[in-house]
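Every read-out reported here was derived from the displayed coordinates using simple, explicitly stated rules and does not represent laboratory data. Keep in mind that what you see is a predicted model, and the values were worked out from it rather than measured. Note: ideal-geometry Cβ built from the backbone for every residue, glycine included; neighbour counts use all protein chains shown.
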Amino acid sequence: MPDRPPEFTDIDLDEEDEEEDSPKPGAPEEEPIEFDIDHDDEDDDGNGDDDEDDDTERDPDGLGAAGADEGPRSSAHAPSARYEDEEEGEGVRDGIQRAAAVLKYIVEQIVDEPSQISIGATEDDRGPVLLLRVAEDDRGKVIGRQGRIVQAIRTVVKAATVGTGEKVSVEIID
């Protein structure tokens with residue numbers, strides 16, 4: 001694999017924004033709410049109220065509300081088992097996604113044209129590298145005098161990946 005050139009991977013930050021619906025640190029966790037939506041039009045009598053015998057058809061085990069309460073709680077604890085068995089590759093990928101999100105947030109605050117920001121990822125001998133592309137007029141703002149701004153950005157992005165074991169580098173490309 002060292003003979004092949006590193007592949008450029010475009011990072012989809014919008015996907016991560018959808019996943020960031022998790023509660024903030026210090027905020028109480030809320031259990032997910034499950035909705036029981038019945039799409040069968042033949043069972044609907046048109047008056048809008050739920051019949052008691054209609055509920056037994058939806059609950060084949062006959063557990064009622066008590067059985068429904070136990071289901072989501074047990075599934076709410078299932079993701080923690082996934083994190084215990086998580087492979088190292090997934091942790092690195094999450095670290096790169098986090099670093100890309102931090103990079104995008106910082107650069108959006110600096111540039112005049114945030115719609116022109118493009119972030120990609122590749123890997124070289126240093127490890128993962130985020131490739132940042134901004135509008136030509138904004139490049140000087142991101143680099144800063146004597147490279148001070150870009151050096152600060154690199155420091156913050158590396159700090160965002162401390163828990164992953166990988167040090168992500170940031171490069172500005174033309």
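Some observations on this one:
- Residues (without any contact (Cβ under 8 Å) to a residue 60 or more places away in the chain, of a type in the set (D, E, K, R) and under 23 Å from I96 (Cβ atoms)) located in region 140-174: R154, K158, K167, E171, D174
- Selected residue (criterion: farthest from R154 (Cα to Cα)) from residues of region 91-131 that are surrounded by 15 or more Cβ atoms within 10 Å (Cβ to Cβ) and among the basic types (K, R): R93
- Considering region 140-167, the residues that are over 16 Å from Y105 (Cα atoms) and basic (K, R) include one that is surrounded by the most Cβ atoms within 10 Å (Cβ to Cβ), namely K167.
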